[in-house]
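Enquirer: There's a structure below that I have some questions on.
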Amino acid sequence: MKKKILLYGFILTMIITLLSGCSSSGRKDIIGKWTVTNIETKSSNNFLESLQYSLLKMLFSPGTVMEFYDTKVSVAMNSMDYKWIKENTIQIGNDKGEDAPIIFDVEIDKESMTLSNSMVSIYLVKGESDHIGEDKASLDKDSLLFMRMPIRIRWLLNSVTMVLLSFMWLN
């Protein structure tokens, strides 16, 4: 009798451990590499919004690869936390002072994703693409110039952008 109780207790413990260990921390369809194809502004009526849009445009320029892991996202050689706030809403960065969080509504359709908020819409395709920007007519001069810069200069500009964004959202 005592062995049966121990066996049932052990089985119950294993089931609880299995169920709690496999719980989902959010949608898994975002995990992987995504390449930015375009970024659009929704409105820029004042100077601060225009500056924020310019900084986001540098960070999420066409051709930039974003790689999502379980709780981290890598963007332009920067790694940030992310979490799902709701089923279709994501927060990139955390509010513990390390990163300035940015909240996006997310739409994922197998091979494409759109991140949007009140300021911008960012369009991405699944995977790492070397063909982004071949249609040069669809890109503006700033995006083309940024894509042609050496990787170290792009990394430096993206790092400065992240610092400026952090300061702007902390104030």
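Computed from the coordinates by the stated procedures, all read-outs in this text should not be read as laboratory data. Since this is a predicted model, take the numbers as computed values, not measurements. Cβ coordinates were reconstructed from backbone atoms using ideal geometry, including for glycine residues, and neighbour counts include every protein chain displayed.
Enquirer: Hey, for a label at Lys42 modelled as a point 7 Å past Cα toward Cβ, could you say which residues of the range 89-120 have their backbone N under 12 Å away?
Expert: Within reach of a label on Lys42: 103-106, 115-120.
Enquirer: Figure the gain on full extension for Asn117 and Lys33 (residue separation times 0.36 nm, minus the Cα-Cα span) and round it to one decimal in nm. Can you show the working numbers first?
Expert: Numbers: separation 84, 0.36 × 84 = 30.24 nm, distance 2.10 nm.
That pair, Asn117 and Lys33, stretches by 28.1 nm at full extension.
Enquirer: Report, in listed order, any pair from Lys28/Lys57; Lys42/Lys96; Lys72/Lys126; Lys83/Lys110; Lys96/Lys126 with a Cα-Cα distance greater than 23 Å.
Expert: Numbers: Lys28/Lys57 26 Å; Lys42/Lys96 28 Å; Lys72/Lys126 17 Å; Lys83/Lys110 20 Å; Lys96/Lys126 30 Å.
Checking Cα-Cα distances, Lys28/Lys57; Lys42/Lys96; Lys96/Lys126 exceed 23 Å.
Enquirer: Restricting attention to the range 35-111, which GluC sites (Glu not before Pro) occupy a DSSP loop and are surrounded by at most 16 other Cβ atoms within 10 Å?
Expert: Working: sites: Glu40, Glu49, Glu67, Glu87, Glu98, Glu107, Glu111; in loops: Glu87, Glu98, Glu111.
Within the range 35-111, the qualifying GluC sites (Glu not before Pro) (loop, at most 16 other Cβ atoms within 10 Å) are Glu87, Glu98, Glu111.
Enquirer: Give a residue-ordered list of calculated ³J(HN,Hα) values for the range 115-123 (Karplus: 6.51 cos²θ - 1.76 cosθ + 1.60, θ = phi - 60°; whole Hz; x for Gly, Pro).
Expert: 9, 9, 9, 5, 9, 9, 10, 10, 9
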